[in-house]
Amino acid sequence: MERKRPVAEQRETAWQVEIVSATPNVRSGSAAPAGSRLIRTLVSIAIIAGAIGLLAMMLAFAATIALIAVPVAVGAGLIAWLGMKWRAARGR
């Protein structure tokens, strides 16, 4: 007994494409949409807010490093000072 496979329908797909001209239509008025100024303003505000946020993160990172580095530097200076005093006392 032979198995029969169903025959697939052969359809061609037709896509509708609309070609939009890159040059603005003189009759339609300005080329830029009315909301473009608002969008530019919102994007500018977002960029400024992002820059301020990045600066705040950099300041927080620098403060964190300072909280670690300053005590280590003070401790190293204290050890060096004590070492110099000890050598001066032993040299006499």
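Output the number of residues of segment 12-47 satisfying the condition of being modelled with pLDDT under 80 and surrounded by 10 or more Cβ atoms within 10 Å (Cβ to Cβ).
3
Does segment 48-55 contain at least one residue that is of a type outside the set (Asp, Glu), part of a loop (DSSP other than H, G, I, E, B) and modelled with pLDDT of 85 or more?
Among the residues of segment 48-55, not one is of a type outside the set (Asp, Glu), part of a loop (DSSP other than H, G, I, E, B) and modelled with pLDDT of 85 or more, which makes the answer no.
The values are calculated or read from the model by the stated rules, or taken from the named source; none is laboratory data. Everything numeric in this text was worked out from a predicted model, so none of it was measured. Ideal geometry is used to build each Cβ from the backbone, glycine not excepted, and the neighbour counts take in all protein chains shown.
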